[in-house]
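Taken together, the values in this text are just the output of simple stated rules run on the coordinates, not laboratory data. All values reported here derive from a predicted model rather than from experimental measurement. Methodologically, a virtual Cβ is constructed for each residue, glycine included, from the backbone with ideal geometry; neighbour enumeration extends over all protein chains shown.
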Amino acid sequence: MDAYDGRFLKKLFSKIVLGPNGCWEIHNKVSHPPKDNWRPRACYKRMSMNAARIVAHIFHKLELDSKQQYACHYCDNAFCVNPDHLYVGSPSDNVNDAIRRGRLVYRRKTSGEYY
Ligand SMILES: [Zn+2]
């Protein structure tokens with residue numbers, strides 16, 4: 001991590017809202033939860049990109065120009081930029097994640113019926 005990365009993280013992490021399970025969430029300024037599939041973005045080295053991807057680059061050596069490397073979340077929280085919750089995954093990991101997330105959403109929707 002160089003000085004630029006240090007400054008970048010300081011600025012990014014100053015916007016964090018603590019979420020469930022120790023997640024560090026970046027919220028949409030306009031509305032939260034945001035509409036559609038909004039993802040937090042940040043400007044890094046004059047490029048605007050997914051904030052989680054930049055954090056994975058700094059902490060987990062994700063190659064920013066690689067189309068084979070995705071910033072995946074252990075926590076399934078797309079707004080989370082906690083480096084401990086991120087890992088570098090392949091496109092197939094990303095698909096598996098999406099499937100797992102779909103199941104999680106389903107579980108959450110039905111979890112209110114246990115009364
Ligand atoms: Zn998280």
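Couple of notes before you dig in:
- Across the range 20-36, rounded Karplus estimates of 3J(HN,Hα) from the backbone phi angles (6.51 cos²θ - 1.76 cosθ + 1.60, θ = phi - 60°) give x, 6, x, 6, 9, 9, 9, 9, 5, 5, 6, 8, 9, x, x, 7, 6 Hz, Gly and Pro being marked x.
- Label point 7 Å beyond Cα of A98 along Cβ direction - residues of the range 51-73 with amide nitrogen under 16 Å: 67-73
- Unpartnered cysteines - no second Cys beta carbon under 4.7 Å - across the chain: C43, C72, C75
- Counting only lysines at least 8 places from K35 when in the same chain, those with an alpha carbon closer than 25 Å to its own are K11, K15, K109.
- The relative contact order of the range 3-113 comes to 21 percent, based on Cα pairs under 8 Å that sit 6 or more residues apart.
- A compact globular protein would have a Cα radius of gyration near 2.2 N^0.38 Å; the ratio found for the chain is 1.12.
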